[in-house]
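Note sheet for the following structure.
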Amino acid sequence: MKKNLILIFFLAFTAAISGQEISDGYKKLAKDIFKELIEINSTSKFGSTKTAEAMAARLKAAGFQSSDILVTGQDDQHKNLVFRYHGTGKLKPILFICHLDVVEALRSDWSVDPFTFLEKDGYFWGRGTTDVKMDDASLITNMIRLKNEGFKPNRDIIIALTADEETGNANGVNWLVTNHRDLIEADFCINPDGGGGDSKNGKPVTMAIQTSEKIYVSFKLEVKNKGGHSSLPVKDNAIYVLASGITRLAKYDFPVRLNETTRKYFENVKAGETEQVRSDINTILKTPEDTAAANRLEAYSPYYNAMMRTTCVATMMSAGHAENALPNNAQAIINCRMLPDDNPENVMLVLKSVLADDKISVTRINSSFTTPLSPLREDITGPVSQISATMWPGVSVTPIMSTGATDGKFLRLKGIPVYGVSGMFGDMDDVRAHGKDERILTTDYYNGVEFMYRFIKALSSDKTQ
């Protein structure tokens, strides 16, 4: 009966707002804030402080009290914005996190200036347009919109726009939860960086709710050698030994291993696939060790491959000291994204086995930790499903495991459940985050802003509102 009442409420709620669209005035505000964020270079070289201060200024100009707006961090370059929208206190607060920093982008690599906001060909272009300044802009826009409408939530809404998610050296979420947990203490957290929609051939296909994420760990491979003069080559060459080992690794796949989240994901997405892909998904759901089906899925979609298994890939190499000398040393970095129930010790044993050469040493070069799966909650999945059905009829809503790392792991580790939810859609076959010519469809951006507005209200409204 309780579930039926919840469903009736959400149906009524979304029916009440289904006719609302983001107005031209709030479109302009959303675009202006987005532009301001994109044109502040917040790569690791410059830090996030200027972006945090710019968003704080936006909130103050909108009439929020200075006492509810805090710009703070562990150093002057890596500051975070923490903002509290006060509610009635009927329920515990909700925390929304989103990072302000972006990956480096060189003008010489792009066809446009990555730090000049550009509207072209139906897209907004610029570094951070998909990772993840579009959601920063959405959160700030919607806080201002809700205030202008006189909205009184039944709980405090906390917004934390944070530093250094991309490099982690001065990570804002980790710093906040470790040193100032009182500022962000919440019933649960929504992390737009972990969720969102996938489109294929221009059609919205999947709306993802992140409940867990892969674990990041890297290893250094190294071969040492006595070297010598290049005029007297030998087969025992450090570069050759390392290259042979990496070639063996390139041909290796970790076994397919599905968990509750990834199993539900594949069950949900298969309906929209071709007959062959649907058949292969059905096969791995029943028989994960079927190599032929797994290999076809791997070739079809790197994303599907990453959802199925732990992955390790060579990302950096260095060797030698002179062009006329045999190398004394050759090194490579292998970056692994482990399934949540995997561990670095197991991965290291697999690497050593696959490299199959005692001359290649394997050293773990960073720490990692496991975090619990966030249990699915009807008060979160219900609004996502209902609003998605209203805005994108037919889209499949599914839990996912993120293949990359997000800041959610720091909160899950400290006992705050985290759910990746965003209304921003992107082309699953044209992912440009961290890459050249990053962009987002203008319609996808505005729809994403509208989705978050409705979602925030659904999470913080009484049934009678």
Any lysines whose Cα falls less than 18 Å from that of K457, other than same-chain ones fewer than 8 residues away, would be K90, K92, K147, K152
Tilt, helix 133-148 to longest principal axis of the chain (alpha-carbon atoms), in degrees rounded to tens, equals 10
With a ≥ b ≥ c from the Cα gyration tensor eigenvalues, square-rooted, and the rule rounded for a/c under 1.5, otherwise prolate when a/b > b/c and oblate otherwise, region 369-465 is oblate
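Please state the charge dipole magnitude for region 337-465, taken about the Cα centre, from unit charges on C-beta atoms (+1 on K and R, -1 on D and E), reported in debye and rounded to the nearest 20.
Working: 14 positive and 16 negative charges, 71 e Å.
My answer is approximately 340 debye.
Computed FRET efficiency, Cβ-Cβ of A389 and D358, R0 41 Å: what is it to the nearest 0.05?
On the way: r = 58 Å, r/R0 = 1.40.
With R0 = 41 Å, the Cβ-Cβ based efficiency is 0.10.
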Expected unfolding gain across H86-R263 under the 0.36 nm per residue rule, minus the alpha-carbon gap, is 59.8 nm
If one compares the long axis through the Cα atoms of helix 378-391 with the longest principal axis of the Cα atoms of the chain, the angle in degrees, nearest 10, works out at 80
Measuring from its Cα centre, the chain shows a charge dipole (+1 at each Lys and Arg Cβ, -1 at each Asp and Glu Cβ) which, in debye to the nearest 20, is 700
Nearest 10, in degrees from 0 to 90: the angle of helix 260-269 to the longest Cα principal axis of the chain is 80
Per the charge dipole of region 255-295 (beta-carbon charges, Lys/Arg positive, Asp/Glu negative, Cα centre), the residue among N282, N259, A271 reaching farthest to the positive end is N259
If unit charges are put on Cβ atoms (+1 for Lys and Arg, -1 for Asp and Glu) and the dipole of region 375-460 is taken about its Cα centre, the option from G415, P399, V384 lying farthest towards the positive end turns out to be G415
Region 255-295: relative contact order from alpha carbon pairs under 8 Å, six or more residues apart, as a whole percent, is 43
For 61-70, 393-402, ranked highest to lowest by mean beta-carbon neighbours within 10 Å, the order is 393-402, 61-70
Where a ≥ b ≥ c are root eigenvalues of the Cα gyration tensor, a/c under 1.5 meaning rounded, otherwise prolate if a/b exceeds b/c and oblate otherwise, region 255-295 counts as oblate
Computed for region 255-295: size of charge dipole around the Cα centre, +1 on C-beta of each Lys and Arg, -1 on C-beta of each Asp and Glu, debye to nearest 20, value 140
Rounded to the nearest 500, the 222 nm mean residue ellipticity computed for the chain from DSSP H runs (n ≥ 4, each -39500 (n - 2.57)) alone is -11500 deg cm²/dmol
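No value in this document is a laboratory result; all are computed from the given coordinates. Bear in mind the structure is a predicted one, so any value in this text is a computation, not a measurement. Every residue, glycine among them, receives a Cβ derived from its backbone with ideal geometry; neighbour counts consider all protein chains shown.
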